[in-house]
Amino acid sequence: MEGGIRSTANYVPLSPISFLERAAVVYADRASVVYGATSYTWKQTRDRCLRLASALSALGVSRGDVVAVLAANIPAMYELHFGVPMAGAVLCTLNTRHDSAMVSTLLKHSESKVLFVDSHLFDIVQGALKLLAESSAKLPTIIIISDMTDSDGALLGGVDRSTILEYDTLLRDASPNFQIQWPIDECDPISINYTSGTTSRPKGVIYSHRGGYLNAIATILLNDITTMPVYLWTVPMFHCNGWCLPWGIAAQGGTNICLRNVTAKAIFDSIYLHKVTHLGGAPTILNMIINAPIAECKPLAGRVGMMTGAAPPPPHVMSKMEELGFHVTHAYGLTETYGPATVCTWKPEWDALPLEERARLKARQGLHHIGMEEVDVKDPATMKSLPADGETIGEVMFRGNTVMNGYYKDLKATREAMSGGWYHSGDLGVRQPDGYIQLKDRSKDIIISGGENISSIEVESVLFSHPAVLEAAVVARPDDYWGETPCAFIKLKDGVSVTTEDIIKFCRARLPHYMAPRTVVFEDLPKTSTGKTQKFLLREKAKAMGTMFRKGGSKL
């Protein structure tokens, strides 16, 4: 329109860094991060993040370089979410459940220039560095984040501390007068989040400053996170950047309660001690809470909101959470959508329904949040929207500003995932008559266990490497504790014999613990006329077994 212009007066690239800048002024002396006896204010957190950015710059990190971190939910992990992008670099958070082989693969693929490592996880990194050296890959600069209780250095496996860089020393010696490297374009990358991470073809999901900004705002709104909340970190910050809430809590001037080890006792104690208002987690965390011993439970002093996602939580779990006084919000999304992308928005008229019916409604995935333009259930062949009849199954697809930039170093996979102008989730679902989405299955056989994605193909490849295995198929078995766990159906070679324990031990020696099957069934696999395994029949068997194990779940 005539007369309109774009200038620095009316356009600034969106970046969640701005949330910290504002919080340091508006909430300067309020607690920002609490970890045990350690506490920082928002003014101090900004100072520490600027020092971190300055230190990275001094180490030669420049715009676009990747900086990785392997750490639990500790203060340094929170600070890295701001300090790394302040330096113009890209944050790559690694799953703390990965083994050395996986960490090595992801460090090599991401070409991380620097790696921050929690002292509790240093042994994993030592193994990863050895593998990197053997492959002649360039090694990243290692910076140790010493646990505040680790005064004798025992966690570092006898490493001479004079030969390594330490996080707190690095910050102490760095300048707080650092010029923030704001994004040149708001679509510049802010982080890389790896999906389930098959070792043969890692998929690094690229987040932008714009997407992080918008999803942070959307997530605090969908979870009713109001001004100055107290947020308990039970969602791993390595997972989808903690659903973008390291940035979102700063936007609201909240207090981040860091928690290294998530247990029911720690959750109830933290809620009681810090007057926690919000937390989140996969159904695993909900199960942990509802199955807590009475001696560990403490009454809730006020309203505690909890956002959950991953595998749809069973209605009975939702019911028990409500009985305990938690207000549960069910969200759904993927790494490729910055975490939460839809929310089962609650309607007041549902309050009068029986508890079980309320739980059933709340377990649905709902509709897109305000940061996502649209979610739909489509026929992937024709790209036509399917009827909202609660029966016609199609693929769940997304379109909007909180869909990833793409997969790092994989343009082919990016184009496939976004063909037709929509992001193809690979999840199968229906649209109910009221418009809400409900998941039914996963077209790519991904198993979601404790909030972590497990590729059935990767587990099957390990099973096939066992000398006694002729055929193998892995599907999800419902589990009240983990949500889902891998269930392996195996046909053995003639004349050989192995036990369930042998198979599980074999897999755990070659995979991260959580990826190994927890259930093994020895039988012939059902096949189609063309020789393909009929996995839908195996899923039905696994579902029946899940019902048998309903009491207690598997906590292996």
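The values are calculated or read from the model by the stated rules, or taken from the named source; none is laboratory data. For clarity, every value in this text was computed on a predicted model and none was experimentally measured. Don't worry about glycine lacking a Cβ; one is built from the backbone with ideal geometry, like all the others, and counts go over all protein chains shown.
Among the conditions (1) modelled with pLDDT under 95; (2) in a loop (DSSP other than H, G, I, E, B), Ala101 misses just one, which is (2). Answer with yes or no whether Tyr207 is over 17 Å from the mean Cα position of the chain (by Cα) and of a type outside the set (A, V, I, L, M). No, not satisfied.
Residues are listed down the side, and each one gets a yes or a no for (1) on the phi > 0 side of the Ramachandran plot; (2) modelled with pLDDT of 95 or more; (3) crowded, with 19+ Cβ neighbours inside 10 Å:
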site: Ala381; (1), (2), (3): no, no, no
site: Ile393; (1), (2), (3): no, no, no
site: Thr402; (1), (2), (3): no, yes, yes
site: Tyr408; (1), (2), (3): no, yes, yes
site: His466; (1), (2), (3): no, no, yes
site: Ala476; (1), (2), (3): no, no, yes
site: Tyr481; (1), (2), (3): no, no, yes
site: Lys491; (1), (2), (3): no, no, no
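In this entry, Ala24 passes the filter for residues that are among the small types (Gly, Ala, Ser), out of contact with any Cys (no Cβ under 7 Å at 6 or more places or on another chain), buried (at least 20 other Cβ atoms within 10 Å of the Cβ) and outside the structural domain of Arg510 (by TED's automatic domain parsing).
Being of a type in the set (Gly, Ala, Ser) and surrounded by fewer than 21 Cβ atoms within 10 Å (Cβ to Cβ): is that true of Ala331 here? In short, no. Number of residues in the range 360-397 that are part of a loop (DSSP other than H, G, I, E, B) and in contact (Cβ under 8 Å) with a residue 40 or more places away in the chain equals 14.
Out of Ile249, Ile289, Ile285, one residue alone is touching a strand residue (DSSP E or B) at 6+ places or on another chain (Cβ under 6 Å) and part of a helix (DSSP H, G or I). It is Ile249. Within the range 282-301, does at least one residue satisfy the condition of being under 22 Å from Ile446 (Cα atoms) and small (Gly, Ala, Ser)? Taking every residue of the range 282-301 in turn, at least one turns out to be under 22 Å from Ile446 (Cα atoms) and small (Gly, Ala, Ser).
Taken over the range 420-464, the criterion of being without any contact (Cβ under 8 Å) to a residue 40 or more places away in the chain and on the phi > 0 side of the Ramachandran plot is satisfied by Gly420, Gly421, Gly426. Any residue in the range 322-335 that is farther than 26 Å from Leu428 by Cα and of a type in the set (A, V, I, L, M)? Yes: the range 322-335 contains one or more residues that are farther than 26 Å from Leu428 by Cα and of a type in the set (A, V, I, L, M). Of the conditions (1) under 20 Å from Met515 (Cβ atoms); (2) out of contact with any Gly (no Cβ under 9 Å at 6 or more places or on another chain); (3) β-branched (Val, Ile, Thr), Ile446 satisfies every one except a single condition; which number is it? (2) is the only condition that Ile446 fails.
When the residues of the range 404-439 are filtered to those that are aromatic (Phe, Trp, Tyr) and part of a loop (DSSP other than H, G, I, E, B), the one that is farthest from Glu374 (Cα to Cα) is Tyr408.
Here Glu523 fulfils each of the conditions (1) modelled with pLDDT of 90 or more; (2) closer than 30 Å to Thr105 by Cα apart from (2). Summed over the range 252-269, the residues that are over 24 Å from Gly483 (Cα atoms), polar (S, T, N, Q) and either at pLDDT below 95 or not in a loop (DSSP other than H, G, I, E, B) (or both) give a count of 2.
Could you go through the range 446-460 and let me know if any residue there is of a type in the set (Gly, Ala, Ser) and either farther than 26 Å from Leu94 by Cα or in contact with a Cys (Cβ under 7 Å, 6 or more places away or on another chain) (or both). Taking every residue of the range 446-460 in turn, none turns out to be of a type in the set (Gly, Ala, Ser) and either farther than 26 Å from Leu94 by Cα or in contact with a Cys (Cβ under 7 Å, 6 or more places away or on another chain) (or both). Going through (1) without any contact (Cβ under 8 Å) to a residue 24 or more places away in the chain; (2) assigned by TED's automatic domain parsing to the domain that holds Phe522 one by one, Val496 falls short only on (1).
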